[in-house]
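What follows draws every value from the coordinates through simple rules; no lab data is involved. All figures in this text were calculated on a predicted structure; none of them were measured in a lab. Neighbour counts are summed over all protein chains in view; Cβ atoms, including those assigned to glycine, are modelled from backbone coordinates with ideal geometry.
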Amino acid sequence: MPESLLVVKDLVKYYPLTRGVVFRKQIGAVKAVDGVSFDLRAGETLGIVGESGCGKSTVAKLLVNLERPTAGAISYKGEDITKLSGRALKAVRRNIQMVFQDPYTSLNPRMTVGDIIGEPYEIHPEVAPKGDRRRKVQELLDVVGLNPEYINRYPHQFSGGQRQRIGIARGLALQPEIIVADEPVSALDVSVQAQVVNLLDRLQSEFDLSYVFIAHDLSIVRHISDRVGVMYLGRIVEIGSDAQIYNHPTHPYTQALLSAVPVPDPGARAHRERIILTGDVPSPANPPSGCRFRTRCWKARERCAVEVPLLAVPEAFPTGPAAHPSACHFAAEKQVVPQAGERPPPAGPPVGE
Ligand SMILES: Nc1ncnc2c1ncn2[C@@H]1O[C@H](COP(=O)(O)OP(=O)(O)OP(=O)(O)O)[C@@H](O)[C@H]1O
Ligand code: SF4
Ligand SMILES: [Mg+2]
């Protein structure tokens, strides 16, 4: 198995909830990320999937050090980067770069493409001395499939897909080992999404990159991920290889997400049971006790309200395709999809941990 480049352990990020303008008082916390652990192996793509607000972008910002964690560790090649500062932190940051979701707002409209892509060299002049930068930026434009002659143009002169290519070129400028791509294609037309995913795929083999690829939809990460982690309300609820997650999901939330993924084969489509999740995602400021998914889970029972399920390989499946970590007390049970009108009421009180 390839070595782990990043090891994330019990990562927590709480944002304070305050009241009052003059006398600010903390009245609680948004538990955006609440005990997330995973590793990223050299050369792989780890997909991270979940609904809006489950904490995906917060994980991304923690990985690239745009946010500091409330607790937990992020080890890069064995060193906890959350404890670093100054020059040591700068050196690590160079190796972990981010590609942002929205190519319309993440590029400064007043800067030329050349200045945008070359901006990281201002902080890391050792990678490209001033006299060499123009050539480097043109090379990067070429690498991401844009005409190097566009170097003096402005972001508004490009389409959404081209702008995301500019964002990717900027992410590559410092020759990182890891790219954290936060929903890199969500803001793009469907017709352009595959082109950008293919580009990322090609760049990965060309530059030996490892990716954390974030998406809200399992169908987008399917073609690019080696492993997938499914997030719900600040936690990873299931993680495994591509085949384990797509063919043998054991967590009810993953099963529900998968049932919504379009199937091209009409025969398979006719036999598939669609699991429609009812109810809203609870507030991360006041998550349900026990299993956070229980207010929407059709398998929920009394135990789910009182006992937090750990992310672990089910004892009943020590080997085989279902032998991957899943945070469900009943992960070993066969999936029983409820029929219309059969959904049981959620177990226990609605919220309050
Ligand atoms: N700076 C902040 N201050 C307070 N709360 C925040 C802050 N940033 C994020 N949050 C909250 O933390 C939770 C997780 O947000 P995050 O942006 O990580 O989710 P996400 O999974 O990326 O969602 P989306 O799919 O919409 O991008 C949300 O409830 C969000 O409102
Ligand atoms: S622990 Fe209970 S509520 Fe949570 S996913 Fe499993 S069955 Fe559903
Ligand atoms: Mg996000």
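Worth pointing out:
- Net length gained if the chain between His156 and Phe317 were fully extended (0.36 nm per residue, minus Cα distance): 52.6 nm
- Highest-fluctuation residue, Ser85, Ser219, Ser37 considered, GNM on the chain with Cα pairs under 10 Å: Ser85
- Neighbour-count ranking [beta-carbon atoms within 10 angstrom, fewest first] of Met98, Met111: Met111, Met98
- Radius 15 Å from Cβ of Lys136, net charge of other residues (Lys, Arg +1; Asp, Glu -1): -1
- Once the Cα atoms are used to define both axes, helix 133-143 deviates from the longest principal axis of the chain by about 50 degrees.
- Projected label points at Val190 and Glu79, each 7 Å from Cα along the beta carbon direction, are separated by 4.6 nanometres.
- For segment 159-290, share of DSSP beta bridges that run antiparallel, in % to the nearest 5: 55
- D (Stokes-Einstein, µm²/s), Kirkwood Cα radius, segment 153-302, 1.002 mPa s at 20 °C: 121
- Our summary of shape: the Cα atoms of segment 44-114 have principal axis extents of 37, 34, 27 Å, ordered from largest down, in whole angstrom.
- Folded to 0 to 90 degrees: helix 86-95 orientation relative to the chain principal axis, Cα: 80
- Summarising the amide proton neighbourhood of Glu238: residues at separation of 5 or more, or on other chains, whose placed amide H is nearer than 5 Å comprise Val230, Ala327.
- At 1.306 mPa s and 10 °C, Stokes diffusion of the chain via Kirkwood alpha-carbon radius, µm² per second: 73
- Taking only the C-alpha atoms of segment 98-180, the Rg (one decimal) and the largest Cα-Cα distance, Dmax (whole number), read 11.6, 32 Å.
- Among Arg301, Arg296, a tally of other beta-carbon atoms within 10 Å of each Cβ gives an order, fewest to most, of Arg301, Arg296.
- Kirkwood hydrodynamic radius over Cα pairs of segment 31-81, then Stokes diffusion coefficient at 37 °C and 0.692 mPa s, in µm²/s: 272
- Built amide H within the under 5 Å cut-off of Asp39, gap 5+: Val8
- Mean residue ellipticity (222 nm) of the chain, computed from DSSP H runs ≥ 4 via -39,500 (n - 2.57), nearest 500: -7500 deg cm²/dmol
- 13 Å cut-off, amide nitrogen to a point 7 angstrom out along Leu17 Cα→Cβ, residues in segment 212-236: none
- Each Lys or Arg adds one and each Asp or Glu subtracts one; over the other residues with Cβ under 15 Å from the Cβ of Asp102, this totals +2.
- Listed from fewest to most Cβ neighbours within 10 Å, the set Phe207, Phe317, Phe330, Phe213 follows the order Phe207, Phe317, Phe330, Phe213.
- Within the chain: Cβ-based charge dipole about Cα centre, in debye rounded to nearest 20 (Lys, Arg +1; Asp, Glu -1): 960
- Exceeding the 18 Å Cα-Cα cut-off - candidates Lys13/Lys299; Lys77/Lys136; Lys9/Lys77; Lys9/Lys299; Lys56/Lys334; Lys31/Lys61: Lys13/Lys299; Lys77/Lys136; Lys9/Lys299; Lys56/Lys334
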